[in-house]
Amino acid sequence: MQILGVDVGGTGIKGVPVNLEKEEYLGERFRLDTPVPREPKAMVNTIAEVVKHWDWKGPVGVGFPTVIHKGKALEHGNLDKSWLGVQVDEMISQKIGLPVNVMNDADAAGLAEMEFGVGKGVEGLVIVVTVGTGIGSGVFYNGELIPNFELGQMRYKKKKIIEKYASRRVRLDNNMSFKKWGKRFNKFIQLTMQVSQPEMIIIGGGASKNLDEYIKYLKTDVPIVAAHTRNHAGIIGAALGARHLL
């Protein structure tokens, strides 16, 4: 049960083999910068370099930062517009010569948290929110993934999507206090509560390690907890998503 998991982000592409029976890495994460512009050929070449680093010969699972349906990019998200309509799994597989499964990166992170983290065994609706360069979301009902729920794309001020207003990147780029940013992120929580009533909200991504600093500004009766798998979730979840290739 060893699969190479690759987490494709807006700033970095990270990969490491994962033992899915023990939820552990088989080495230190290898990271390369995401190329700019974020075009298909350059990004696939970078993914291939990550795979080559591990001299990997088995299945590869990739978490990808946009809407993915049956391996195809239906949106381009924060990537170059040329990704729209690309059959991502086939493009990567042809480059590296290995079987590849591609899924939305937030869905991958959620999968890891529901399998190994605080979401394990929780019934009903659970939302895993990854807060980093953008705001991603993995939605689960009774432990089953409902794919491609992009809650970070909800509209807020002046038709701006909420992740452009309340992501961790916005906090860092504008040197915001946790109080000021926490009140912004609360707008995302309130929008989420308008369209759903989850049993639990799990915060993952880079913002998960500082949850104690801003949770008091999040106004909801729904339990909000930090992800157990933290920044490991994307890689572990990408590997989990490729189990069927073994």
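Table for the structure above
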read-out	value
Yes/no for residue 96 being under 17 Å from residue 13 (Cα atoms), surrounded by fewer than 24 Cβ atoms within 10 Å (Cβ to Cβ) and either in the same structural domain as residue 191 (by the TED database) or among the aliphatic types (A, V, I, L, M) (or both)	yes
Residue ID - farthest from residue 68 (Cα to Cα), chosen from residues in the stretch 134-151 that are assigned to a strand (DSSP E or B) and open to solvent by 50 Å² or more (accessible area, probe 1.4 Å)	141
Count - residues of the stretch 117-151 that are of a type in the set (Phe, Trp, Tyr) and within 23 Å of residue 184 (Cβ to Cβ)	1
Residue in the stretch 152-159 that is open to solvent by 30 Å² or more (accessible area, probe 1.4 Å), more than 16 Å from residue 189 (Cβ to Cβ) and at pLDDT 95 or above present	no
Test: residue 111 is outside the structural domain of residue 42 (by the TED database) and closer than 13 Å to residue 7 by Cβ	yes
Of the criteria (1) at pLDDT below 95; (2) closer than 21 Å to residue 77 by Cα; (3) hydrophobic (A, V, I, L, M, F, W, C), which one residue 195 fails	(2)
Residues (farther than 21 Å from residue 122 by Cα, touching a residue at least 60 places away in the same chain (Cβ under 8 Å), over 15 Å from the mean Cα position of the chain (by Cα) and not in a loop (DSSP other than H, G, I, E, B)) located in the stretch 209-246	243, 244, 245
Test: residue 57 is farther than 30 Å from residue 160 by Cα and either more than 16 Å from the chain's Cα centre (by Cα) or modelled with pLDDT of 95 or more (or both)	yes
Test: residue in the stretch 137-146 that is in the same structural domain as residue 22 (by the TED database), free of Cβ contacts under 8 Å to residues at least 40 places away in the same chain, in contact with a strand residue (DSSP E or B) (Cβ under 9 Å, 6 or more places away or on another chain) and farther than 14 Å from residue 47 by Cβ	no
Unmet requirement for residue 202, which otherwise passes all of (1) among the β-branched types (Val, Ile, Thr); (2) crowded, with 24+ Cβ neighbours inside 10 Å; (3) in a helix (DSSP H, G or I)	(3)
Residues of the stretch 123-133 satisfying the condition of being open to solvent by 30 Å² or more (accessible area, probe 1.4 Å), outside any strand (DSSP E or B) and farther than 19 Å from residue 171 by Cα	123
Failed criterion for residue 178 (all others in (1) touching a residue at least 60 places away in the same chain (Cβ under 8 Å); (2) open to solvent by 10 Å² or more (accessible area, probe 1.4 Å) hold)	(1)
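So that you can scan it fast, the table gives a plain yes or no per residue for (1) crowded, with 16+ Cβ neighbours inside 10 Å; (2) of a type in the set (Asp, Glu); (3) touching a Ser or Thr at 6+ places or on another chain (Cβ under 9 Å); (4) free of Cβ contacts under 8 Å to residues at least 40 places away in the same chain:
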{"residue": "1", "(1), (2), (3), (4)": "no, no, no, no"}
{"residue": "7", "(1), (2), (3), (4)": "yes, yes, no, no"}
{"residue": "13", "(1), (2), (3), (4)": "yes, no, yes, yes"}
{"residue": "18", "(1), (2), (3), (4)": "yes, no, no, no"}
{"residue": "21", "(1), (2), (3), (4)": "no, yes, no, yes"}
{"residue": "39", "(1), (2), (3), (4)": "no, yes, yes, no"}
{"residue": "100", "(1), (2), (3), (4)": "yes, no, yes, no"}
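The values are calculated or read from the model by the stated rules, or taken from the named source; none is laboratory data. Computed from a predicted model, the values in this text were never measured in an experiment. Please note: Cβ atoms are built from the backbone with ideal geometry, for glycine as well, and neighbour counts cover all protein chains shown. SASA here: full protein model, heavy atoms, side chains in, ligands and nucleic acids out. Shrake-Rupley method; radii C 1.70, N 1.55, O 1.52, S 1.80 Å.
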